[in-house]
1. Once each part is reduced to its C-alpha centroid, what is the distance from the stretch B:2-18 to the stretch A:193-230 in angstrom?
2. Which order do peptides B:117-127, A:327-337 fall in by mean Cβ count within 10 Å, highest first?
3. Compute the long axis of helix A:314-341 from its Cα atoms, compare it with the longest principal axis of the Cα atoms of chain A, and write down the angle in degrees, 0 to 90, nearest 10.
4. Where does each of B:Val206, B:Val288 land when they are ranked from fewest to most other beta-carbon atoms within 10 angstrom?
5. Specify the angular offset, from 0 to 90 degrees and rounded to the nearest 10, of the alpha carbon long axis of helix A:126-162 from the longest principal axis of the alpha carbons in chain A.
6. Of the candidates B:Gly291, B:Gly250, B:Gly224, which one comes out as most mobile in a Gaussian network treatment of chain B with C-alpha springs shorter than 10 Å?
7. If we count other beta carbons within 10 Å of each Cβ, what is the order of A:Ile213, B:Ile289, B:Ile276, fewest first?
8. Taking A:Lys4 as the anchor, which lysines have their alpha carbon closer than 24 Å to its alpha carbon, excluding any fewer than eight residues away along the same chain?
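A short reminder: the numbers here are calculations on the coordinates, not readings from a lab. Keep in mind that this is a model prediction, so the values were computed, not measured. All Cβ positions, even for glycine, are placed from backbone atoms using ideal geometry, and neighbour counts span all protein chains on display.
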Amino acid sequence: MRTKTAILVALLAGLHLVLLLAGFFAPYDPATQNRDLPYAPPTRLHFKDSSGFHLRPFVYAWTSVPGGDQPDSYQEDHGHEYPIRFFVSGPSYKLMSLYETSAHLFGVAEPGKVLLLGTDAYGRDELSRVLFGGQISVAAGIAATFIALLAGSILGTVAGYYGRWIDESLMGVTELFLSLPWLYFLLGVRAFLPLHLSTLRTFFLLTGVIGLIGWARPARLVRGVVLSSRNRNYVLAARGFGGSDFYLLRRHILPEAFGLLLTQASLLVPRYIAAEVTLSFFGLGVNEPVPSWGNMLSTLQQYSVLVSYGWLLTPACALVVTSVIYSALADVFHSRLKSYST
Amino acid sequence: MKYLGRRLVRAVLLLIGVSALCFLFTEMAPGSFFDEMRLNPQISPETIAALRSHYGLDQPLLVRYGRWMKSALHADLGYSIAYNTPVAPLLWSRAKNTLLLTTTALLLTWIISVPLGVWAANRRGGLLDKTVSLASSFLVSVPELVIVVALLAIAVRWRILRVGGMMSADFESLSACAKLHDVILHLALPAFILVLSETAVIVRHVRASVLEVLGAPYVQAARGFGISRARLLFRHVLPVAANPAISLLGFSLAGLLSGSLLVEVVCGWPGLGPLILEATLSRDLYLVIGGIMFSALFMVGGNLVADVMLLAFDPRIRREAADAH
């Protein structure tokens, strides 16, 4: 159990670190287009050429097949080898939008291109886009979770602690929120808000909307915890000593909800990442050219693209990996919570 | 009967609450359907103002809500600006398809997941149980969008099922039997996607609720009396375990409707989903509100069905209902 938790947390930390330092791990800028390389397949890594085996992998450049009936059939140009170099300087970027640098983990000399996950319709490097898109999608999921849990725990605490009509009206409202299928609700709320905004404002809007819809369930759960611990003996004793409401809540009641909030957080983050991805997939979220996993996947709504260019499914794979790790962690937290309470 | 009446009143209150919530949100909305027009230099501001007042969008919130309520009572649910018709008939023509898809998926899900869950719980720790647990916990954690896209990719790639739309191009010329066949062929893929993602959820719950009852003291006592395992399971465990499973029916409907919206949009099924998405993109406010109301209506309806079933199956609920007055 312990080791499993440790492994999961380490995986999660690694994932977030890679996304946070996307600029370093990505060889190119996510918005740079290569109009001569639309839908280029992933570059193959080679170790052997005519002169024998090399320990350092190298790549060939893609050239489009002359006279090919499709504009996107490519072949390797064996005339020139581009060995892969590590810790090279490439296009400059701002690390965590703070520190301007041009260091990249790997790259090849120009005019060679290393496109490990191929390119999209505009010839943009898919790997770089997955990494930068992950930044936005995952950040949106985490921020929305934070909003939902904050609002949920404040309202749930108020309802559970003060009871009576406050409790009843708040729980009535949660019932309203829970009685709607979330995707319909999400689309509905999104419909009332402006469509085309700057990326930053879209981001805040999306997280706000997702968090606003999601507060009801955490609120109910927190209310339950507060309600059950409100009349415990130690709380009554502390009240007898003259503890204020705020003190009682902070010191004695809310710590009980901590495990619950942790479990909820690990459950909600992947769900809200998926919510952001779904909205952007529908064209209601983050707009081009800024990548997000959702708007990257939205090109797959054309069946011809979906079938022919399998490498464009990588954002979906990244989403699955993220969700599976988070859900496994949620399972661990949940079973821990259960074993504490019994 | 009184129990059901109370539930019905609650459902209606819920629907009214949802509509009020929707209107509150519209009040906060900064833009409107006419925003795009405003950018067009050929349309004068007076025209837009006239249109706004024609559709009553310049009225205060309460007046609009009152008018909408009146139109809802006439079964119109307001007026779609983009389609220039009352909302409800428009939605209903699409909702039929959504209902067809979701009820098919719901039935199949329950037909598959109840036996699977019961069996897995009965043979706890067996091969089947382990496979089911592993597969369902994986499927539950995979986002619905990914399942949809992946299965669609497989279906299109290997041309397994009909993809796109609900009918073939020559649908009108087919005989009645061939028509049915055609719709079923088109229904198969979206329904399969929904069943797959919903089964994963339901199986876990069915398994958990059967396991809980299997561990109850009275079952252990019955086992001590030497009652056969099959009789124990069917006579003593399942009726009790049915209660949480039936309550789940209402909840599962929410997931099913959300999933169905996604599947409809991606697979091109002509249900509510694409319509709502389009309305969202063109900011056709009353159509969006109508769509939300329809989905709420389905949810409430599903919950009522679950309540009736609970009343029929569970004597504890009957007694509770009788005691309440």
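1. Each part's Cα centre sits 26 Å from the other's.
2. Numbers: B:117-127: 16.9, A:327-337: 18.5.
So the order, starting with the most tightly packed, is A:327-337, B:117-127.
3. The helix A:314-341 is inclined about 30 degrees to chain A.
4. Values: B:Val206 26, B:Val288 29.
The most exposed by this proxy come first: B:Val206, B:Val288.
5. Helix A:126-162 and the main axis of chain A meet at about 0 degrees.
6. Of the options given, B:Gly224 has the highest mean-square fluctuation.
7. The most exposed by this proxy come first: A:Ile213, B:Ile289, B:Ile276.
8. Counting by Cα, and skipping residues close in sequence, A:Lys4 has these lysines nearby: A:Lys338, B:Lys130.
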